[in-house]
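The values are calculated or read from the model by the stated rules, or taken from the named source; none is laboratory data. Owing to the predicted nature of the structure, the values given are computational and were not obtained by experimental measurement. Positions of Cβ are generated from backbone atoms using ideal geometry, with glycine treated the same way; all protein chains shown enter the neighbour counts.
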Number of protein chains: 2
Amino acid sequence: MKPLKVGLLGFGTVGQGVFEILRRNQTEIVRRTGRAIQVEMVSRRQVALAQKIVGESAKVVSDARAVIANPDIDVVIELIGGYGIAKALVLEAIAAGKHVVTANKALLAVHGDEIFGAAAKAGVMVLFEAAVAGGIPIIKTLREGLTANRIQWVAGIINGTTNFILSEMRDKGLDFATVLKEAQALGYAEADPTFDIEGVDAAHKASLMAAMAFGIPVQFDKAYVEGITKLGAEDIKYAEQLGYRIKLLGISKRVASGVELRVHPTLIPTKRLIANVEGAMNAVMVQGDAVGTTLYYGKGAGSEPTASAVVADLVDIARMVTGQVAQVAPVLAFQASSVQALPILAIGQVITSFYLRMRVSDEAGVLAKVTGILGEAGISIDALIQHEAKDGESQTDLIILTHDCLEAIMDKALRQVEALPSVLASVVKIRKEELA
Amino acid sequence: MKPLKVGLLGFGTVGQGVFEILRRNQTEIVRRTGRAIQVEMVSRRQVALAQKIVGESAKVVSDARAVIANPDIDVVIELIGGYGIAKALVLEAIAAGKHVVTANKALLAVHGDEIFGAAAKAGVMVLFEAAVAGGIPIIKTLREGLTANRIQWVAGIINGTTNFILSEMRDKGLDFATVLKEAQALGYAEADPTFDIEGVDAAHKASLMAAMAFGIPVQFDKAYVEGITKLGAEDIKYAEQLGYRIKLLGISKRVASGVELRVHPTLIPTKRLIANVEGAMNAVMVQGDAVGTTLYYGKGAGSEPTASAVVADLVDIARMVTGQVAQVAPVLAFQASSVQALPILAIGQVITSFYLRMRVSDEAGVLAKVTGILGEAGISIDALIQHEAKDGESQTDLIILTHDCLEAIMDKALRQVEALPSVLASVVKIRKEELA
């Protein structure tokens, strides 16, 4: 089947991420989609710079309209940003019968109804997974995953800059202005951080999620928006004493008289998972009447996390425009013809780290013998607890955390350990994963 | 458009949940789908009992094959469970050209390749969101949300019974046998809990997720499976001392030589979100090369959370079989014709609770005056911190957490508070959400 052909408008961080993912994971994507997805054209003012990155594989032009005019192109990806030229180009692409993928939350929050209306008339899709919470598939979850539910509320940490600042203020007890400077130095905040720190960016995203949760128009203009600039370090400290953390939340909630739509700093009980989402990470909670409370967590920004969402939208389009059931929803995610017979490893062939508990005689030299056997096997020790025996007892527990090793080697070493006279019972072995 | 007609095989907890959600949320579902989804027939051995629940709206039969034979039925939902009759019925439904939705992870983990193969041949869908992690849309996430990625690993708490037991063991310092009895009394564990506590149920689910993450056949028979029955209370305690929690994880991981597929108790750093998933809740982490680490959290079992996933699959089918782009992927989740103009509330009309910080003179009677004003306004106090002034200072902070009240009433009360001579600066007001 012929590739789905894509034109990129704008070739900055996210655009380059899209290009790189489509290049690097093309095989995997074809296995999932049943056809290739190919960047055919790229528009960027600095043509030579962009051409250097894309090489021979795609044509680079300075005029975005040349991309839209190309009849070979199936999907236009808008990554220019802002409300101005981006709006005109998106509407022109729709009018030209192209499907559109965009990460532009500002555009959709302000002009969404006009754009979606035009797309419906033209019979094309406008997909925007990348506009909210980066690579976390929260748009798909609201559009498809939770469709059984009457959604009651959506609450999210949907701006990484402000969450980074709040995390740092709490961690280090610093005030807002100091941490903002640090965030700017680290690239977590822009030179003009207004949209982030005043809550505007979060309100753009919250407006989109509210529309999808409740089936209402996108109404950014009616959102209540309050940023984090007036937050004192002492409020973070007092909140902590009371069992709460302060997060900038984008909240939409269905109430008897309508819908609440608001962005503001919010105290959340420390014991909630979302209160423990730190740094530049994002998380969205959705409460539905059937499913209860659910949470979605991941990186909310950055080149590849955002591009991950753009490419997922492309795969959705590629699957849908082929129009055959098995392609639209390949039951096991990959096309049946692309399933591979990778071997499943026996547990002995798995490399992981271990927790070991040994019941040992409380006598000199046991530790040396045990660590000697492990050392011989090339198993290194990460941490260790050895208690003295309780009064009147001659036995105690020896606890060891190891670094990574092959399980077969560990098992062989443990048989030697268990053969020691001072090791009094079978060793308890539990695997450990850092999940970092 | 005529309704999508559904036949339910089995009418226990989940089946009744499906029926109830489709009844209660029919309007919302039609708004999302563009057509109704109607339970046309139900099969259950106790016909009278089932008929009492469904009333006149659907026909109840004792013979599941009568449902499959009904030419009006578009989708068969299999909720019988197990490998026996359920397998025969699913294959017969596929042969009859029906789409199938099932929550039966055991069946799919063992006979998935045969069933999916038959479905591909017949050109029908077999959807199974409910088979893994209840209402959390993790199957959709693997099939569609993360398609840009070369997935590196999937690790999940995907059995609520064992997570409840491990949480209780840690919380209360009890041993496995004691907590198992408690879990059985509470209905969190079955009379024969073998499949849960020995890790078999988690391995069924991990095998399905591994197939979807890596594009390999479903290979439950090759999974390494170790349950929690031998876990000692002391191991949970020692792990805690070392900065880890023990969870039963279903792990699949891509390594150079193949795929790891294993279920076993696992130490996880306490600071990871997933280590803090307690009780019967589920959570799945997915690591992709583009998106990084993501996490999906919610209820993994129960009537309506599971039925939420079944109904989402029905909506997917209803959208896909209509075959028009705007219906397959309504951009804002609801059909354009169903968007409602619900009012967005002004912030003054929002009801929430508040954190208040007041700079006050350190003198007798201030607290009484402030709480008096709040009390007059009907605002009740949840918690309070009042420090004595530091040595040599005559001012201090008064911190109040309130219960829910209308923001307009709060603002009016705060104007009175700020007019008090002993209140020395504007009151800092931060909203609070329990997100429970």
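The rows are residues; the columns are (1) of a type outside the set (Asp, Glu); (2) at pLDDT 95 or above; (3) touching an Asp or Glu at 6+ places or on another chain (Cβ under 8 Å).
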| position | (1), (2), (3) |
| --- | --- |
| A:LYS230 | yes, no, no |
| A:VAL259 | yes, no, no |
| A:MET285 | yes, yes, no |
| A:GLY298 | yes, yes, no |
| A:ALA307 | yes, yes, yes |
| A:ALA312 | yes, yes, yes |
| A:ILE317 | yes, no, yes |
| A:MET320 | yes, no, no |
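Going through region A:252-276 one residue at a time, which ones are under 15 Å from A:ASP201 (Cα atoms) and at the interface with chain B (Cβ under 7 Å from one of its Cβ atoms)?
Once the filter is applied, which keeps residues that are under 15 Å from A:ASP201 (Cα atoms) and at the interface with chain B (Cβ under 7 Å from one of its Cβ atoms), region A:252-276 yields A:LEU261, A:ARG262, A:HIS264, A:PRO265.
For region B:3-75, which fully contained helices (runs of 4 or more DSSP H) count at least 1 residues that are within 12 Å of another protein chain (Cβ to nearest Cβ)?
Result: B:13-24, B:26-33.
Which residue out of A:GLY173, A:GLY199, A:GLY187 is among the small types (Gly, Ala, Ser), more than 12 Å from chain B (Cβ to nearest Cβ) and without any contact (Cβ under 8 Å) to a residue 12 or more places away in the chain?
Step by step, each of A:GLY173, A:GLY199, A:GLY187 is checked, and only A:GLY187 is among the small types (Gly, Ala, Ser), more than 12 Å from chain B (Cβ to nearest Cβ) and without any contact (Cβ under 8 Å) to a residue 12 or more places away in the chain.
Filter region A:331-347 down to the residues that are at pLDDT 70 or above and either more than 7 Å from chain B (Cβ to nearest Cβ) or assigned to a loop (DSSP other than H, G, I, E, B) (or both) and list them by number.
A:ALA333, A:PHE334, A:GLN335, A:SER337, A:VAL339, A:GLN340, A:ALA341, A:LEU342, A:PRO343, A:LEU345, A:ALA346 - these are the residues of region A:331-347 that are at pLDDT 70 or above and either more than 7 Å from chain B (Cβ to nearest Cβ) or assigned to a loop (DSSP other than H, G, I, E, B) (or both).
In region B:113-139, what residues are at pLDDT 95 or above and of a type in the set (D, E, K, R)?
Correct list: B:GLU129 only.
Residue under question is B:LEU273, and the condition is that it be over 30 Å from B:VAL18 (Cβ atoms), crowded, with 21+ Cβ neighbours inside 10 Å and within 19 Å of the chain's Cα centre (by Cα); does it hold?
yes
Check B:HIS111 against each of (1) within 15 Å of B:ALA206 (Cα to Cα); (2) of a type outside the set (A, V, I, L, M, F, W, C); (3) buried (at least 22 other Cβ atoms within 10 Å of the Cβ) and name the one condition it does not meet.
Answer for B:HIS111: the failing condition is (3).
Output the residues belonging to region A:105-121 that are among the hydrophobic types (A, V, I, L, M, F, W, C) and at the interface with another protein chain (Cβ under 10 Å from one of its Cβ atoms).
A:LEU108, A:ILE115, A:PHE116, A:ALA119, A:ALA120
Could you run through region A:130-141 and say how many residues are more than 8 Å from chain B (Cβ to nearest Cβ) and assigned to a helix (DSSP H, G or I)?
4
Looking only at region B:302-314, which residues are surrounded by 24 or more Cβ atoms within 10 Å (Cβ to Cβ) and either more than 7 Å from every other protein chain (Cβ to nearest Cβ) or not polar (S, T, N, Q) (or both)?
B:GLU304, B:PRO305, B:THR306, B:ALA307, B:ALA309, B:VAL310, B:VAL311, B:ALA312, B:ASP313, B:LEU314 - these are the residues of region B:302-314 that are surrounded by 24 or more Cβ atoms within 10 Å (Cβ to Cβ) and either more than 7 Å from every other protein chain (Cβ to nearest Cβ) or not polar (S, T, N, Q) (or both).
Might you check whether a residue that is out of contact with any Gly (no Cβ under 9 Å at 6 or more places or on another chain) and buried (at least 24 other Cβ atoms within 10 Å of the Cβ) occurs anywhere in region B:55-74?
no
So which of A:GLU114, A:GLU144 is in a helix (DSSP H, G or I) and more than 30 Å from B:LEU127 (Cβ to Cβ)?
None of the others qualify; the one that does is A:GLU114.
Of all residues in region A:232-260, how many are in a loop (DSSP other than H, G, I, E, B) and touching a strand residue (DSSP E or B) at 6+ places or on another chain (Cβ under 8 Å)?
Total satisfying the criteria: 3.
State yes or no: is A:ILE151 more than 18 Å from A:SER308 (Cβ to Cβ) and either crowded, with 24+ Cβ neighbours inside 10 Å or more than 7 Å from chain B (Cβ to nearest Cβ) (or both)?
yes
Return the only residue of B:ALA211, B:ALA203 being buried (at least 17 other Cβ atoms within 10 Å of the Cβ), at pLDDT 95 or above and within 17 Å of B:ARG254 (Cα to Cα).
Matching residue, one of B:ALA211, B:ALA203: B:ALA203.
Could we say that A:VAL90 is assigned to a strand (DSSP E or B) and more than 10 Å from chain B (Cβ to nearest Cβ) here?
So A:VAL90 does not fit the description; no.
If you take the residues of region A:3-37 that are of a type outside the set (A, V, I, L, M) and over 24 Å from the mean Cα position of the chain (by Cα), which of them is surrounded by the fewest Cβ atoms within 10 Å (Cβ to Cβ)?
Step by step, filter region A:3-37, then rank; the result is A:PRO3.
Within region B:286-297, can one find any residue that is in contact with a Pro (Cβ under 7 Å, 6 or more places away or on another chain), surrounded by fewer than 23 Cβ atoms within 10 Å (Cβ to Cβ), within 9 Å of chain A (Cβ to nearest Cβ) and free of Cβ contacts under 8 Å to residues at least 12 places away in the same chain?
Checked region B:286-297: at least one residue is in contact with a Pro (Cβ under 7 Å, 6 or more places away or on another chain), surrounded by fewer than 23 Cβ atoms within 10 Å (Cβ to Cβ), within 9 Å of chain A (Cβ to nearest Cβ) and free of Cβ contacts under 8 Å to residues at least 12 places away in the same chain.
What do you reckon, is A:LEU107 in contact with a helix residue (DSSP H, G or I) (Cβ under 7 Å, 6 or more places away or on another chain), without any contact (Cβ under 8 Å) to a residue 40 or more places away in the chain and not in a strand (DSSP E or B)?
Spelling it out, A:LEU107 is indeed in contact with a helix residue (DSSP H, G or I) (Cβ under 7 Å, 6 or more places away or on another chain), without any contact (Cβ under 8 Å) to a residue 40 or more places away in the chain and not in a strand (DSSP E or B).
Exactly one condition in (1) of a type outside the set (D, E, K, R); (2) more than 7 Å from chain A (Cβ to nearest Cβ); (3) in a strand (DSSP E or B) is not met by B:THR229; state its number.
Failing condition for B:THR229: (3).
How many residues does region B:382-425 hold that are among the polar types (S, T, N, Q) and loosely packed, with under 13 Cβ neighbours inside 10 Å?
Of the residues in region B:382-425, 1 are among the polar types (S, T, N, Q) and loosely packed, with under 13 Cβ neighbours inside 10 Å.
Name the residue that is nearest to B:ALA318 (Cα to Cα), counting only residues in region A:150-172 that are in contact with a helix residue (DSSP H, G or I) (Cβ under 6 Å, 6 or more places away or on another chain) and not β-branched (Val, Ile, Thr).
Going through the qualifying residues, I end up with A:ARG150.
Would you kindly identify the helices (runs of 4 or more DSSP H) lying entirely within region A:155-222 that contain at least 1 residues that are under 19 Å from A:ALA106 (Cα atoms) and of a type in the set (Asp, Glu)?
A:194-197, A:200-214
I'd like to verify a number: residues in region B:239-251 that are facing chain A (nearest Cβ under 9 Å), crowded, with 22+ Cβ neighbours inside 10 Å and out of contact with any Pro (no Cβ under 7 Å at 6 or more places or on another chain), how many?
Within region B:239-251, residues that are facing chain A (nearest Cβ under 9 Å), crowded, with 22+ Cβ neighbours inside 10 Å and out of contact with any Pro (no Cβ under 7 Å at 6 or more places or on another chain) number 3.
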